[in-house]
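K.L.:
A single structure is presented below for examination.
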There are 2 protein chains.
Amino acid sequence: MCPARVEARDKSGRGFVIPIGGAEERVEDPVILQRFVDLCGGSDARIVIIPTASQLDETGPNYEQVFRDLGAGNAVSLPINTRDEARQDDHLKTLLQANGIFITGGNQLRLSTILGGTPIAQAIRRQNATGVHVAGTSAGAAIMPEHMIAGGAKGALPTAQGVKFAPGLGLLNKVIIDQHFSQRNRLGRLLSAVSYNPFASGLGICENTAAFIGPDDVLEVVGAGSITVIDPSELAHSSMAEATGKESLTLLGIKMHILSQGATYNISTREAQSAVS
Amino acid sequence: MCPARVEARDKSGRGFVIPIGGAEERVEDPVILQRFVDLCGGSDARIVIIPTASQLDETGPNYEQVFRDLGAGNAVSLPINTRDEARQDDHLKTLLQANGIFITGGNQLRLSTILGGTPIAQAIRRQNATGVHVAGTSAGAAIMPEHMIAGGAKGALPTAQGVKFAPGLGLLNKVIIDQHFSQRNRLGRLLSAVSYNPFASGLGICENTAAFIGPDDVLEVVGAGSITVIDPSELAHSSMAEATGKESLTLLGIKMHILSQGATYNISTREAQSAVS
């Protein structure tokens, strides 16, 4: 929770990656956004907002105001709604001056189809690799990993048709992210996602909850809800290869952690710790 | 699936315990009830139905007809709706002649409040211990363990108020059973249940799905849906002792299996196997 601790972790040059489960509190007790602003330096923060997932014109300007109210020295949104706009030099210049990037909610397929392969997408990855913090909420969280959940079925059980993937931004390759997790009953699609290829952990992030993933690969939970971590590294059997349609898969040996505020999970070593220990 | 295999397992003197997740198919492809009837000997079956959980007069007679249609030599229901009726000698005599007992759905608190401590409850336990098979659906499945889930919240996350226990029939003490599992979104309350005291495995049984638990403690999945097994034996941390209200618990190191038709789980050794292996 304390910024000092955050700084102490910042051993490598990469910035934080901060997926948020959607519906984060912006006015009363906005712990997630406040921590993001503080991480970016407070009055020294230069936050660039990517509102492309949203089709509402006010989304970008609204977040500009929110971040300024939280003490950010500078916050500006890039009105990118087409691939042409994603290639405009002035947008790229603005982005390259950021020390924090915030990707709003909406439809993650707008993010992948409009930004994918453009200088903006490349710049977000490069900026993050050199120390710029990237936060995203809802669709903006879904887009972060290499393998993005583009859609899927509601429910508690994994099925062969339970999840649809699309290539994401590639800021992370050790996790697959789902959001609005308990609110929209998405355990089944996250289990489906990890059961295709158990190399990655699944993160099911509740609304108003964020994973602050540091450059040391340690994720810390911030916010009012929980993060459900699905660790398939000890998966003994997945029936995904033989399964069809909506019948439930057989999965043996899934490991699960339910993490709340302050708990941590190392996305490399897959070690979980509670807040008190 | 084959009765021969079932018989081969029947090493000790105990009968099968067969919790069903509710809404089992009774007419078209009634695999669960058919297997129960076959296990009880088909034309030699003497099935006694306990319809006490239900407040509908036709529940008992309906099941009598179902079991006869499936080839049971004898099927009779005991119209027990009060504690006085649970002490009637003729009901006890009928029960003691059964080689299969079936507990219907309804409200599990009717089962515990009406049958608890009566000769009927004692006889069900004694009969099962000496070889009589006991099946129960929905409320009839919930009542089977020593620790019964009496109610709880809907949702994917465990909370301090997520589950209400009551003492159950005590046919099983190594598992806690929930039913209508994926249909009613009950993962959270099953996680809440096992996190109080991780000595037992949690079984989340879907509708039209049954756990055939043999005298060797091996559970086999029969039916169209899945059983979600929660194995908390490696639980590293539960915040249940400090948690309050509806905030989600922190749980570290939960193991989970999703089992479909033919898969097995040993409720003693906690080993899971898929149907194919």
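K.L.:
Among the residues in segment B:116-126, are any farther than 18 Å from residue B:85 by Cβ and out of contact with any strand residue (DSSP E or B) (no Cβ under 6 Å at 6 or more places or on another chain)? Give the derivation first.
P.N.:
Our first condition is that a residue be farther than 18 Å from residue B:85 by Cβ; within segment B:116-126, this holds for B:125-126.
Add one more test, that the residue is out of contact with any strand residue (DSSP E or B) (no Cβ under 6 Å at 6 or more places or on another chain), and what stays is B:125-126.
Taking every residue of segment B:116-126 in turn, at least one turns out to be farther than 18 Å from residue B:85 by Cβ and out of contact with any strand residue (DSSP E or B) (no Cβ under 6 Å at 6 or more places or on another chain).
K.L.:
Of all residues in segment A:54-66, which are in contact with a Ser or Thr (Cβ under 6 Å, 6 or more places away or on another chain) and assigned to a loop (DSSP other than H, G, I, E, B)?
P.N.:
A:54 - this is the single residue of segment A:54-66 that is in contact with a Ser or Thr (Cβ under 6 Å, 6 or more places away or on another chain) and assigned to a loop (DSSP other than H, G, I, E, B).
K.L.:
Looking at segment A:24-53, I want the residues that are under 15 Å from residue A:103 (Cα atoms) and touching a residue at least 24 places away in the same chain (Cβ under 8 Å) and have a partner that is part of a helix (DSSP H, G or I) and of a type in the set (Lys, Arg) with Cβ atoms under 7 Å, at least 6 apart or on another chain. Which pairs are those?
P.N.:
A:52/A:110; A:53/A:110
K.L.:
Could I ask something else about it? Is it the case that some residue within segment A:161-178 is among the polar types (S, T, N, Q) and crowded, with 24+ Cβ neighbours inside 10 Å?
P.N.:
Initially, segment A:161-178 is screened for residues among the polar types (S, T, N, Q), giving A:161, A:173.
Checking which are crowded, with 24+ Cβ neighbours inside 10 Å leaves us with none.
Looking for residues that are among the polar types (S, T, N, Q) and crowded, with 24+ Cβ neighbours inside 10 Å, one finds none in segment A:161-178, hence no.
K.L.:
With the structure loaded, tell me whether residue B:23 is among the aliphatic types (A, V, I, L, M) and over 21 Å from residue B:179 (Cβ atoms) or whether it fails that test.
P.N.:
Details: among the aliphatic types (A, V, I, L, M): yes; over 21 Å from residue B:179 (Cβ atoms): no.
No: the conditions fail for residue B:23.
K.L.:
Of the residues A:101, A:80, only one is in a loop (DSSP other than H, G, I, E, B) and touching a residue at least 24 places away in the same chain (Cβ under 8 Å); which? Can you show your working first?
P.N.:
Working: A:101 fails: in a loop (DSSP other than H, G, I, E, B).
Answer to the check: A:80.
K.L.:
Shifting gears a bit: When segment B:223-266 is examined, which residues are found to be more than 7 Å from chain A (Cβ to nearest Cβ), more than 18 Å from residue A:228 (Cα to Cα) and crowded, with 23+ Cβ neighbours inside 10 Å?
P.N.:
B:223, B:227, B:265
K.L.:
Tell me which residues, restricted to segment A:148-158, are surrounded by 22 or more Cβ atoms within 10 Å (Cβ to Cβ) and either among the charged types (D, E, K, R) or in contact (Cβ under 8 Å) with a residue 40 or more places away in the chain (or both). Give the steps one after another, and end with the answer.
P.N.:
Of the residues in segment A:148-158, the ones surrounded by 22 or more Cβ atoms within 10 Å (Cβ to Cβ) are A:148-149, A:156-158.
If the condition is that a residue be surrounded by 22 or more Cβ atoms within 10 Å (Cβ to Cβ) and either among the charged types (D, E, K, R) or in contact (Cβ under 8 Å) with a residue 40 or more places away in the chain (or both), then A:148, A:149, A:157, A:158 are the ones that fit.
K.L.:
Right, another one. Scanning segment A:81-102 for residues that are surrounded by fewer than 21 Cβ atoms within 10 Å (Cβ to Cβ) and touching a Ser or Thr at 6+ places or on another chain (Cβ under 8 Å), which turns out nearest to residue A:59 (Cα to Cα)?
P.N.:
For segment A:81-102, the residue satisfying everything is A:81.
K.L.:
Would you call residue B:191 surrounded by 24 or more Cβ atoms within 10 Å (Cβ to Cβ), under 23 Å from residue B:134 (Cα atoms) and hydrophobic (A, V, I, L, M, F, W, C)? Give the derivation first.
P.N.:
Numbers: surrounded by 24 or more Cβ atoms within 10 Å (Cβ to Cβ): yes; under 23 Å from residue B:134 (Cα atoms): no; hydrophobic (A, V, I, L, M, F, W, C): yes.
Considered against the rule, which asks whether it is surrounded by 24 or more Cβ atoms within 10 Å (Cβ to Cβ), under 23 Å from residue B:134 (Cα atoms) and hydrophobic (A, V, I, L, M, F, W, C), residue B:191 comes out as no.
K.L.:
Criterion first (within 12 Å of chain B (Cβ to nearest Cβ) and either of a type in the set (Asp, Glu) or touching a residue at least 12 places away in the same chain (Cβ under 8 Å) (or both)) does residue A:190 satisfy it? Please lay out each step first, then the result.
P.N.:
Values: within 12 Å of chain B (Cβ to nearest Cβ): yes; either of a type in the set (Asp, Glu) or touching a residue at least 12 places away in the same chain (Cβ under 8 Å) (or both): yes.
In short, yes.
K.L.:
Same structure, new question: Would you point out the residue of segment B:154-173, among those that are part of a strand (DSSP E or B) and of a type outside the set (S, T, N, Q), that is farthest from the other protein chains (Cβ to nearest Cβ)? Spell out the reasoning first.
P.N.:
From segment B:154-173, those part of a strand (DSSP E or B) are B:159, B:163-167, B:172; that's our starting set.
Adding the requirement that they be of a type outside the set (S, T, N, Q) leaves B:163-167, B:172.
Values: B:163: 14, B:164: 20, B:165: 20, B:166: 24, B:167: 27, B:172: 22 Å.
The extreme case among them is B:167.
K.L.:
Would you check if residue A:212 is more than 14 Å from chain B (Cβ to nearest Cβ) and touching an Asp or Glu at 6+ places or on another chain (Cβ under 7 Å)?
P.N.:
Working: more than 14 Å from chain B (Cβ to nearest Cβ): yes; touching an Asp or Glu at 6+ places or on another chain (Cβ under 7 Å): yes.
Against the criterion (more than 14 Å from chain B (Cβ to nearest Cβ) and touching an Asp or Glu at 6+ places or on another chain (Cβ under 7 Å)), residue A:212 qualifies.
K.L.:
Take residue A:182 and tell me if it is within 14 Å of another protein chain (Cβ to nearest Cβ), within 30 Å of residue A:246 (Cβ to Cβ) and not charged (D, E, K, R). Outline the logic, then answer.
P.N.:
Numbers: within 14 Å of another protein chain (Cβ to nearest Cβ): yes; within 30 Å of residue A:246 (Cβ to Cβ): yes; not charged (D, E, K, R): yes.
When the stated conditions are applied, residue A:182 passes them.
K.L.:
For segment A:228-275, which positions are of a type in the set (Ser, Thr, Tyr), modelled with pLDDT of 95 or more and assigned to a strand (DSSP E or B)?
P.N.:
Correct list: A:228, A:264, A:265.
K.L.:
For segment B:186-215, name all the residues that are modelled with pLDDT of 95 or more and in a loop (DSSP other than H, G, I, E, B).
P.N.:
Hits for segment B:186-215 are B:186, B:206, B:207, B:208, B:214, B:215.
K.L.:
Take segment B:83-98 and flag every residue that is in a helix (DSSP H, G or I) and not charged (D, E, K, R). Explain how you work it out, then say what you get.
P.N.:
First pass over segment B:83-98, keeping only residues in a helix (DSSP H, G or I): B:85-87, B:89-96.
Across segment B:83-98, the qualifying residues are B:86, B:91, B:92, B:94, B:95, B:96.
K.L.:
Out of A:131, A:106, report the one residue that is in contact (Cβ under 8 Å) with a residue 12 or more places away in the chain, under 15 Å from the mean Cα position of the chain (by Cα), surrounded by fewer than 23 Cβ atoms within 10 Å (Cβ to Cβ) and in a loop (DSSP other than H, G, I, E, B).
P.N.:
Values: A:131 fails: under 15 Å from the mean Cα position of the chain (by Cα).
Selected residue: A:106, the only one of A:131, A:106 that is in contact (Cβ under 8 Å) with a residue 12 or more places away in the chain, under 15 Å from the mean Cα position of the chain (by Cα), surrounded by fewer than 23 Cβ atoms within 10 Å (Cβ to Cβ) and in a loop (DSSP other than H, G, I, E, B).
The values are calculated or read from the model by the stated rules, or taken from the named source; none is laboratory data. Owing to the predicted nature of the structure, the values given are computational and were not obtained by experimental measurement. Glycine also receives a Cβ, built like all others from the backbone with ideal geometry; neighbour counts cover every protein chain displayed.
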